[in-house]
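Notes follow the structure.
Only the coordinates and a few stated rules stand behind these numbers; no lab work does. Bear in mind that the values here come from a model prediction, so they are computed numbers and not experimental data. For neighbour counting, all protein chains shown are included, and Cβ atoms are generated from backbone atoms with ideal geometry for every residue, glycine included.
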Amino acid sequence: MIGRKIKHAAELIREAKYGVAFTGAGISVESGIPPFRGDDGLWNSVNPIYFEIEFFNKKPLQSWLKFKKVFYDRLVVAEPNISHRALSKLGELGLIKSVITQNIDFLHQKAGCNNVFELHGTYKRLVCTKCSTEYDINIVDLNYFPPTCLICRGILKPDMVFFNEPIPDLVKKNSFAEAELADVFIIIGTNAEVYPANTIPLFAKEHGAKIIEINIEKTHFTSSITDIFLKGKAGTIMKSLMEHVNM
Ligand code: NAD
Ligand code: ZN
């Protein structure tokens, strides 16, 4: 059954004129980065308050120390996995034109994808809360917290969208534009329960895209917009999918 569905999904991808992938924390689990929700999810052990913008503004040191422990220590050593590489390959083949991601881990780019829309920003860039100067993570000394701006001594914030912060207009606009153009839209490893990320797949569907969804369990998309649901770990499904696409 799953074999037939994978074959069908591979056919859609092979014939796509404008494939777009939409990814979430689940695609990076096999790179050793835990998701927020689920059995091994961060919310089982970490209070989400540390990721709220109001908390960061009030207590940046505490917020930073938590970020370092749960994200930065893992992110700096994480490598892309088979799913990130498969999407990069589909990009090279011209079968997908872009990746819209809610992840902040930079693994799509590390795998060679060059048209990535980071809806929730990236851990790789820090921005000064006073003068807005941007820094690449590689030139910031993360032995001292909170890190501060070399120009004005303002506190640096990860250039990620915190809870209660809006998504920057440009990336939002570009992501919806990609969804509108898509004829095949591949959702991988996301619950996308957060607005407005959760409306992007619906927008793709409304504009005629076929929806392929890969997840270890059903989501709210599965019974509403998904055309082909491929149940399983992203790595296992993507490996099999690529074998069929390359036929
Ligand atoms: P989530 O943590 O809410 O849910 C993870 C989803 O991935 C679930 O649907 C789960 O069933 C699925 N999943 C888990 N393991 C999988 C696997 N091996 N293969 C396929 N699917 C798998 O994640 P979300 O929906 O992306 O939303 C949470 C927010 O968390 C995002 O906005 C993102 O910014 C942030 N986040 C990012 C990272 C990262 O950058 N890697 C990690 C954790 C959280
Ligand atoms: Zn500054």
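Under a GNM of the chain (C-alpha, springs under 10 Å), which listed residue has the highest mean-square fluctuation: Leu90, Leu150, Leu119?
Highest fluctuation among the options: Leu150.
Report ³J(HN,Hα) in whole Hz for each residue of region 187-199, in order, from the Karplus equation J = 6.51 cos²θ - 1.76 cosθ + 1.60 where θ = phi - 60°; Gly and Pro get x.
The phi angles translate into 9, 10, x, 9, 7, 6, 8, 9, 6, x, 4, 5, 8 Hz.
Against the globular-protein guess of 2.2 N^0.38 Å, express the Cα radius of gyration of region 92-247 as a ratio, rounded to two decimals.
Details: Rg = 18.0 Å, N = 156, 2.2 N^0.38 = 15.0 Å.
It is 1.20.
If we sort 23-33, 138-148 on the protection proxy, mean other Cβ atoms within 10 Å, highest first, what's the order?
Result, highest mean first: 23-33, 138-148.
Given the convex hull over the Cα atoms of region 1-159, what projected area results after averaging over all orientations, in nm²? Walk me through the intermediate numbers first.
On the way: hull surface 43.5 nm².
For the Cα atoms of region 1-159, the hull's average projected area reads 10.9 nm².
Under the definition of Cα pairs under 8 Å and six or more residues apart, what whole-number percent is the relative contact order of the chain?
Values: 431 pairs, mean separation 62.9, N = 247.
Once divided by the residue count of the chain, the mean separation gives 25 percent.
For an R0 of 45 angstrom, estimate the FRET efficiency from the Cβ-Cβ distance between Glu11 and Leu142 and round to the nearest 0.05.
Given R0 = 45 Å and the Cβ-Cβ separation, E is 0.45.
Using helices alone, what [θ] at 222 nm do you get for the chain, with -39,500 (n - 2.57) per DSSP H run of 4 or more residues, divided over all residues and rounded to the nearest 500? Present the calculation step by step, with values, prior to reporting the outcome.
On the way: 8 runs with 74 residues, N = 247.
The helix contribution divided over the chain gives -8500 deg cm²/dmol.
Hey, can you grab everything whose amide H is under 5 Å from the amide H of Ile100? Only 5+ residues off in sequence or another chain; H modelled, so Pro and N-termini drop out.
Counting only residues 5 or more places away or on other chains, the set is Ala21, Phe22, Thr23, Phe117.
Evaluate Rg over Rh across region 23-84, taking Cα atoms for both radii and Kirkwood's formula for Rh. The partial results should precede the final answer.
On the way: Rg = 12.7 Å, Rh = 12.6 Å.
When Rh is taken as the Kirkwood radius, the ratio is 1.01.
Mind checking which lysines have their C-alpha under 27 Å from Lys124, skipping anything on the same chain fewer than 8 residues away?
Lys58, Lys59, Lys66, Lys68, Lys69, Lys89, Lys97, Lys110, Lys157, Lys172, Lys173, Lys233
Relative contact order of region 136-247, please, whole-number percent, based on alpha carbon pairs below 8 angstrom and at least 6 residues apart.
Relative CO of region 136-247 lands at 17 percent.
For region 155-247, with only Lys/Arg (+1) and Asp/Glu (-1) charged at the beta-carbon, what is the dipole magnitude about the Cα centre, in debye rounded to 20?
Working: 9 positive and 12 negative charges, 49 e Å.
My answer is approximately 240 debye.
Work out from phi, with θ = phi - 60° and the Karplus expression 6.51 cos²θ - 1.76 cosθ + 1.60, the ³J(HN,Hα) of each residue of region 16-24, listed in order in whole Hz, and give x for Gly and Pro.
Once θ is set to phi - 60°, the couplings for region 16-24 become 5, 8, 8, x, 9, 9, 10, 10, x Hz.
Karplus couplings for region 213-229 from phi (6.51 cos²θ - 1.76 cosθ + 1.60, θ = phi - 60°), rounded to Hz, Gly and Pro as x?
Each residue's phi maps through the Karplus curve to give 10, 10, 6, 6, 8, 5, 10, 5, 6, 3, 8, 9, 10, 5, 8, 10, 9 Hz.
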